[in-house]
Amino acid sequence: MVAFLNIIITFAKKIIHMKMYKRLSIAFTAATFLLSTTLSCQKDTSSPQPPVEIELPENTGVSYGQTTSISLPSSLSNRNDLTLSLSYEQIANVGISGNVKLHDLLTKAVVIDDKRQNIVINSALLYPNGALSTTNDSKIPDSYAIKLLVKSNSGETVGESKFNFTVSDGTIGIKEADLSNEIPFAYALYSSETTTFELDAMDIPTEGTIWHLSSEAGASNNVSVENSTIKFTSAAGDPDKKAEYTYDLRPVLLKDGFPVASTAFRVVFIPQIKFFFGMYYPDMDLTIYLNLLHIALGNGYLSAAPTIYPDNYKSSFSLQSVSLDGETFDNSTDVFSVNAQTGAVSVKEDDTLKAGSYKIMVKAVTTTGHEFQTDLTLVMSAL
């Protein structure tokens, strides 16, 4: 009987133990389900990072050598949870020189300044758009199309904006050029010496650049550029040095074979201009000077017009000075004058004049802007 009771008790304990295990198993399964459901709900209910509105100017222009900046929108100010970067994927990664490619330069030329909240563009590290290399077949794209990317700390892209900028050719100055016409120009007199013109890079950075000169066919033997100087040999222009001769040039500043600055420049060679009181016979190349004349003291006088040759360069004349026997003469009463159109010298009747040699200096300004001086000496003595 006792043995039977022990068997019943043992069986009862097993049943209780199995029920407890089942209850624990059910409880663990329920807890796992609740945790999974909670995490799932949390994941489903979490919202993505809201997009950031970005507005940048679509197009920006800059001349080569200049630095400009594009302000970042206020929506990006003081956002430590955002990371900004630039993408050049829309720009052809053309070869520049050696292993250097355009994208390599863009990473240095276009940078984000977090402190000042702008994008800085240094065009001196790039090249004008559309520039063709003189050393290879590379061509700079017609514009620099860049994308600004904004990412969250998790790496999610929350905003982007495209902007374009273009770099135009820099301008070269020529110190002796006349800028009154559309094309800068200068006149040069035929000479047995070398004729030079100085180029001025102005505010364009010249480090790593060289000067190059483009000109019309046939001119290369007589004109060249060395450092920043255009040089014409004495053989430039008309072989006989009697007719006008025009050179149309384009000085260029090259960097890595790409033109970064240039200008048009026209040089017109003209014959040596003769300016004197007397006569000139070009067919015989004969010159007769009549610049020393004797006139009556105190009488009025009008000289013949001076000769200026070639005559088509004649422009205007003026009186420069008067001296009496080597000493300065006070001409405040305009006893002596010069006709501005003809150059003829006039002397008023004046009985206060003293006998002696009066040397009148006359200046001529030609249509080419050249200035020349000549003298006429009037020896005055009493009749």
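When nucleic acids and ligands are ignored and a 1.4 Å probe is applied, Asp330 ends up with an accessible area of around 110 Å².
Straight-line reach from Lys231: taking Cα to Cα under 16 Å and skipping same-chain neighbours fewer than 8 places apart, the aspartates and glutamates in range are Glu176, Glu193, Glu198, Asp200, Glu216, Asp248. Computed over protein heavy atoms with a 1.4 Å probe, the accessible surface of the stretch 54-183 works out to 54 Å² per residue.
Take each peptide in 84-92, 243-251, count the other Cβ atoms within 10 Å of every residue, and average; sorted highest first, the result is 243-251, 84-92. The alpha-carbon positions of the stretch 91-237 define a convex hull whose volume is 171 Å³ per residue. For Glu156, the solvent-accessible surface computed with a 1.4 Å probe is close to 70 Å², ligands and nucleic acids excluded.
When the helices in the chain are scored as -39500 (n - 2.57) per DSSP H run of 4 or longer and the sum is shared across all residues, what 222 nm value do you end up with, to the nearest 500 deg cm²/dmol? Taking each H run of at least 4 residues, the total per residue is -5000 deg cm²/dmol. Seen from Asn164, the other residues with C-beta closer than 12 Å to its C-beta sum to a net charge of 0, counting Lys and Arg as +1 and Asp and Glu as -1.
Checking every one of the trypsin sites (Lys or Arg not before Pro) in the stretch 137-177 against DSSP loop status and a limit of 16 other Cβ atoms within 10 Å picks out Lys175. For the stretch 178-230, the fraction of 1.4 Å probe accessible surface lying on carbon and sulfur atoms is 44 percent. For helix 2-45, report the angle its Cα long axis makes with the longest principal axis of the Cα atoms of the chain; keep it between 0 and 90° and round to the nearest 10°. Between helix and principal axis, roughly 20 degrees. Across the alpha-carbon set of the chain, the Rg to Rh ratio works out to 1.50, Rh being the Kirkwood radius.
Sorting Ser180, Ser168 by accessible area puts them as Ser180, Ser168; the probe is 1.4 Å, largest comes first, and only protein heavy atoms count.
The values are calculated or read from the model by the stated rules, or taken from the named source; none is laboratory data. Model, not experiment: these values are computed from the prediction. Neighbour counts run over all protein chains shown; Cβ positions are idealised from the backbone, glycine included. All accessible areas refer to the heavy atoms of the entire protein, side chains included, with ligands and DNA or RNA removed. Shrake-Rupley method; radii C 1.70, N 1.55, O 1.52, S 1.80 Å.
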